[in-house]
Structures are given as structure tokens and as C-alpha cells.
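Q: A single structure is presented below for examination.
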Amino acid sequence: MSKQVIVNALISAVTFLVLAGWLLGISMQAEPGGVQLVFAEPSHLHWLWGGMAAVFFGQLFFPSQVDKLRHVAQAKKQRFKLPAMDRKGSNLVACFVLAGAIIWPFMVSRGSVDLATLTLIYVMLGLGLNVVVGLAGLLDLGYVGFYAVGAYSYALLAAEGWGFWTCLPIAGAMAALFGFLLGFPVLRLRGDYLAIVTLGFGEIIRLLLNNLTELTGGPNGISGIAKPTLFGLEFNRKLKDGGFDTFHNFFDISYNSQYKVIFLYLMALLLVVLTIIVINRLLRMPIGRAWEALREDEIACRSLGLSPTVVKLSAFTIGAAFAGFAGSFFAARQGFISPESFTFIESAIILAIVVLGGMGSQIGVILAAIMMTVLPELAREFNEYRMLMFGLMMVFMMIWRPQGLLPMSRPHMQLKQEA
Amino acid sequence: MSLLLDVTGLTMRFGGLLAVDKVALRLHEKEVVSVIGPNGAGKTTVFNCLTGFYQPTSGQIVYRGEHLEGMKGHLIARKGIVRTFQHVRLFKDMTVVENLLVAQHRHLDTNFFSGLLNTKRFRKSERSALEFAKYWLDKVGLTEFANRKAGNLAYGQQRRLEIARCMVTRPEILMLDEPAAGLNPRETEDLDRLILELRDQEDVSILLIEHDMKLVMGISDRIYVVNQGCPLADGTPEQVRNNPEVIKAYLGEF
Ligand SMILES: Nc1ncnc2c1ncn2[C@@H]1O[C@H](COP(=O)(O)OP(=O)(O)O)[C@@H](O)[C@H]1O
Ligand SMILES: [Mg+2]
């Protein structure tokens, strides 16, 4: 019996446990304080263990025929393989993580969910900046400017009575437009020069927000920004004037402020998932390959007819659009924005997330975003030393692990082996 | 044979240094033309001027009746003039086949939404690009390395990959800058065969910079000799070999 078979059997058994565990082991019960999770009775659990054993031994002695099938398929189809959307294994893991992320907020405190929502905003920002810095290799220190453009776009449009889901794409498009306009003159610069100019642009946007008092409210910012709704259902205790209905009233349940927090969290999760999907597609598109090629050798790119400006501009614009989405969600969640939220230190934190995570690596960026937002919360008593610790961490990272937590592994386009 | 490229009075000055001085050059369809000369003669600089990497100080570059002076490098490449580099410039962290896909960028379906939605048209365009890449990998004998990182190939293989990468852009003129440098004799022979194959089967015209005289004399239809930036002589291999000035200045060893 080969080691492979045992490992396969083990994996199958654990998979069974995780899958069936959700269904058999835990049940949800509606109680006055909200939905409660209750562990199942021992008799159910016996079934669970029994099933697991059956799967394990079944796999051990009758290893699946999948491999053979695969060989047959390979022999038949001697063509080129396009990279799949995801490798099979990681697809499954991703589903589990997603399922966990969806269920999780129902089990923890309001504060944790709120923090998680903030984390997800940073994940989105990190992933967006990762396109610019990690994939296209353009050091952008003014990323927060596009975040601000997104936030203010939403705040201003929402004040005109526009809904969140209408504003979201507009805010993204506005940020993208800014990215395009700013990128156009500066992208012929390289490395340090580009970094300095983008730094300047980030500051210019903040100063504009500060001084265009009539439009943006200046340093006072904009408050009372409308919260997102679920198909018109509001999450407030009382219906606003002219609103459609409130969530608890519509579903005829008692009001609970937790609903709103969870709703915002799930929305942020949805946005992050969409971001990941889009970036994963980008990586498999010609433009994604062009970004990497350009990062490696701009001269070779030019000699092959790729326009460096267009390729860079596309990365800059797409990255800015993600910042715009994140910004409009941020404004919707906060209900209040001011130029204070968009200082250079934000850009630095987002960049730190990208560098810490491993430039170009999406999972790394997600982990780093979690670290960068959750750790400071855990170490509240060290709050005064936060920036110091932050700096130290960056220095040590650069010494010991300059490639980041999880270095990038890109899906490679493959030419199928002739069997 | 119609005239493809007509270069006259090409001059390139770097500060006080006259690197290229009034060089003239003609390339016809389906021709292999070599540029030879000692190191520092200005050969690579001529290539850089022709492909838009340098803006020539003066002179005219006419390709099929169109002036190329002052045109951006990537636009010249799109017109069908591509080149390799004296020092290999592959995308080292990308796989061999990906190098060939990047080169086909502008022939691919680069519409943002069709890629995002992975439409049928998009997949078809990607597949045909892969098939074209495979065709060229077969030609240069690199198919078995298709999924390796380009940087991990042996030097000779990298050279061939660079040529294949140029070819998938479907060029009309291929410019090779010292393609045989660092190759062993067997690889040089393969290169010799490959260049002739490109000319005879793929209808490209080739402009070649090379120091390997056996290779140059064997495959060139015509040869230009430059010395310290100045054109010294030109003609068929036979004429160049017997030109007393060339012998005196450069080819003493023949
Ligand atoms: N970008 C540059 N700036 C200054 N001098 C240059 C530059 N490129 C080439 N040169 C000079 O031009 C001359 C010709 O160089 P090159 O064209 O590389 O010669 P070859 O390829 O024939 O060996 C050399 O003296 C070199 O130093
Ligand atoms: Mg040279």
C-alpha cells in the first residue's frame, strides 16, 4: 500500500469530517438574542465518527479510480492546457475558508465583526495596491488618494439620494479616472522618482479635499452618509423619511443592532471575494502577463511591440479602481469621512501590507492585512509604541524575509505534455 | 526583390563621440544581410537606431516607403521590425511558453471584459496563441522545456528562445545582434540552419551582426563592414573577403 493511498484516505476522512461536521455536528437555533449555534447530541456524533471511519477505510482499500480516469482523459486530449481558474485542491480550501468567513460573524461579538470589517477593507486595499506594486512593479506611495476619491464620490452622490450599489461602480470609475489622469504624465518616471511623484499626488488630493470647502466640507468632512441597504431594506431602528422598510420590520423580527454590523461585514466580504476573483482573472489575461513581463524587462517589452505606458497605465488605473471601491464602502460604513482619514500614513500601512505579505502574493497580502489590523487591537496597551513596533517589524522583515510572508506564486500558463 | 529597408546617412553622436557616422544600408525581401566590424565599431548602435531605442542624430530610415526616424520603439516593432539583444533579454521568471505569449500580446484578445468573463472568443484567442507558440517551440527545439522558467535554460537555448520570441510577433525583418556569441560549434551550425529556414520558409528578411566569420560568410547575401562608426565596404561575401581595405583593417586573419 503506497504512502500516497494512505495520505489520500486521510485527506478524504478529514474532508468528510469537516463537511459533515457542519451539517450533523452543529445546529442553528433562533433565540431571542439572535441565532445561536448548538452542538449536536452525542448520538449524532457517533454517526459522524462512524462515517469518517468508513470513508477512511473505503479509500484505503478501494482507492478511487480518479487517477486512472485522469490518465485516460490525458491520453485522449493531447492539446494545450489553459491554466484553470484554480487548482482543484486550493479551490476546495477556498470554499471552506469562505464558508467559515460567512458563518463566523454569527458566533462572535459585535466588536470582533466590526474589526473584521475594517480588516476586509484593508484586504481590499492591499489587493488593489498589490496589482500596482506587486504585479506591475510600480511603487505608488499615493494610493490613499484614490481611496479618498472613492470615499468622497460615494459621500457626495449619496447626499444626492443615490443608492450604495449604484454609487459603488461610479466611485470605482471616478477613482480609476483619477488614476488614469495622474498616471498619464508620471508613468514615464521610474522607481524612486515615480514613488516621490505619486506621494505628491496623494498629498495633493488630500489638500484639495481640505480646501474645496464648498464641495467637500473641508476639514469638517461629510457626515450623515447613507448606509447601504439590502434591496432597499434599512438596518436602522426607525425608518428614515421616504425609506422603503427596515430589515427587522420586513422580516418581522425584533430589532438588533448586530444585524447591521453583520450585514456590513458580509458586504465587505462580498467585495473582497469579487476583488479576488477579478484579480485572479487578470493574472490569467494577457494584461496580467504583460505586467509581469514589464516588471522584468521593460526594454524587451518595447522591442516586442508592447507599449510600456499603456501597460503601466492599465495597472495604475485598475489598482485605483479597487481603492475607489474600498473607499466608497469605507464611507458607507463610517457614515462620516474627513481628509484626516486619508493621510500618508494610510498609504504607508497599505504598502506595508503588500510588502509584508509578499509582493504579488494574494494570500500573503490577505494574511498581512489581518496581521496589520488585528495585532494593534490585541496589543492595545502598547498603543503608544505602535508605530515603533510597526517600524521594527518592517526592518526585521526586510532582514529575514525580504520576499514577504508568502512569496508570490503565479498561476503559470502551461503547455500540456504530450503523453 | 523589393526593397524593404533603406537607411541613408545614419549618424549617431554621444556627446563628443561619433559612434555611427553616415552609415547606409539596404535590405531587400528574403535577404540575409550582415553587419560586421570590430568591437565598438557601432554595430549595436545602428540596431538601436533602427529599432527606435536611440533617436539618431541625423539620417533617414525608410521602411516600405515610411520614415521611421523619431518613431517610438514599440511602434516600430509593431510595424514588423523586431530584434534580439547582444545580451539575452528574456523574461527570466516566466516560463518559456509565457515568454512567447507575451510577445503575441497585440495579436491576442485583450478586451478587458472578454478576459474577465472568460468568453469563448477569449479562450479561442489564448488557445491559438498557445498553438502558435508550440509551432515555434518545435521549430527551435524547445518544446520539452515549454513549462520551465526561461532563466533556467542553458545559454544556447535562451538564445534560441529569444529568436522564437521575436518570430511569434510575425515580423517582416528580424535583427539578430551577435546570435552566435557564446554558442558551441554544433549550436552555431543549428543557428545557421535556423536562419536560412527563417528566410526560406517564413519569409523574413534578416539583418545580422556577427563575429563568427564562417557563419557570416556562409549565409549572408550581402555584407556591410563598419569600422569606428564609418562604413568601410559592402558587397557579397566574396567581394568583401577580397576587398583589400577590409583585409587591412579587419579581416587580416583571412
Ligand atoms: N548609450 C551610449 N552612450 C554613450 N556611448 C555609447 C552608448 N552606446 C554606445 N556607445 C558607444 O558607441 C560606440 C559603439 O558601440 P556599439 O554600437 O555597442 O559597438 P559594437 O556593437 O559594434 O561593438 C562605443 O564606443 C560605445 O562606447
Ligand atoms: Mg555590439
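The values are calculated or read from the model by the stated rules, or taken from the named source; none is laboratory data. Keep in mind that what you see is a predicted model, and the values were worked out from it rather than measured. Neighbour counts are summed over all protein chains in view; Cβ atoms, including those assigned to glycine, are modelled from backbone coordinates with ideal geometry.
Q: Is it the case that region B:206-213 has a residue that's closer than 30 Å to B:Leu108 by Cβ, touching a strand residue (DSSP E or B) at 6+ places or on another chain (Cβ under 6 Å) and away from ligand 2 (no atom under 16 Å from the Cβ)?
A: For region B:206-213, residues closer than 30 Å to B:Leu108 by Cβ, touching a strand residue (DSSP E or B) at 6+ places or on another chain (Cβ under 6 Å) and away from ligand 2 (no atom under 16 Å from the Cβ): present.
Q: Can you work out which of the residues in region B:168-190 that are within 13 Å of chain A (Cβ to nearest Cβ) and surrounded by fewer than 19 Cβ atoms within 10 Å (Cβ to Cβ) is farthest from ligand 1 (Cβ to nearest atom)?
A: Within region B:168-190, the match that is farthest from ligand 1 (Cβ to nearest atom) is B:Arg170.
Q: Taking the residues in region B:62-92 that are more than 22 Å from A:Thr309 (Cβ to Cβ) and touching a helix residue (DSSP H, G or I) at 6+ places or on another chain (Cβ under 6 Å) as candidates, determine which candidate is farthest from ligand 1 (Cβ to nearest atom).
A: The extreme case among them is B:Lys92.
Q: So is A:Ile262 at pLDDT below 95, under 30 Å from B:Leu100 (Cα atoms) and of a type in the set (Val, Ile, Thr) or not?
A: In short, no.
Q: Would a scan of region A:311-321 turn up a residue that is over 21 Å from the mean Cα position of the chain (by Cα), more than 8 Å from chain B (Cβ to nearest Cβ), under 18 Å from B:Thr51 (Cβ atoms) and surrounded by fewer than 21 Cβ atoms within 10 Å (Cβ to Cβ)?
A: no
Q: Take B:His105 and decide whether it is within 20 Å of B:Ala150 (Cα to Cα) and within 7 Å of chain A (Cβ to nearest Cβ).
A: For B:His105, the condition - within 20 Å of B:Ala150 (Cα to Cα) and within 7 Å of chain A (Cβ to nearest Cβ) - is met.
Q: Here is a further query. In region B:70-105, what residues are crowded, with 23+ Cβ neighbours inside 10 Å and charged (D, E, K, R)?
A: Selection gives B:Arg83, B:Glu98.
Q: Let me ask something additional. Give me the strands (runs of 3 or more DSSP E) completely within region B:24-100, filtered to those with at least 3 residues that are away from ligand 2 (no atom under 16 Å from the Cβ), touching a residue at least 40 places away in the same chain (Cβ under 8 Å) and away from chain A (no Cβ under 14 Å), ordered by residue number.
A: In region B:24-100, the matching strands (runs of 3 or more DSSP E) lie at B:58-63.
Q: I would also like to ask the following. Quick one: in region A:295-310, of everything that is assigned to a helix (DSSP H, G or I) and surrounded by 24 or more Cβ atoms within 10 Å (Cβ to Cβ), which residue is nearest to the other protein chains (Cβ to nearest Cβ)?
A: Here the answer is A:Ser303.
Q: When residues of region B:150-167 are filtered for being without any contact (Cβ under 8 Å) to a residue 40 or more places away in the chain and more than 14 Å from every other protein chain (Cβ to nearest Cβ), how many remain?
A: 4
Q: Which members of region B:135-155 meet the condition of being assigned to a helix (DSSP H, G or I), of a type outside the set (Ser, Thr, Tyr) and surrounded by fewer than 19 Cβ atoms within 10 Å (Cβ to Cβ)?
A: B:Asp138, B:Lys139, B:Glu144, B:Gly151, B:Asn152
Q: Here is a follow-up. Can you tell me which residue is modelled with the lowest pLDDT among those in region A:395-411 that are loosely packed, with under 14 Cβ neighbours inside 10 Å and not polar (S, T, N, Q)?
A: A:Pro402
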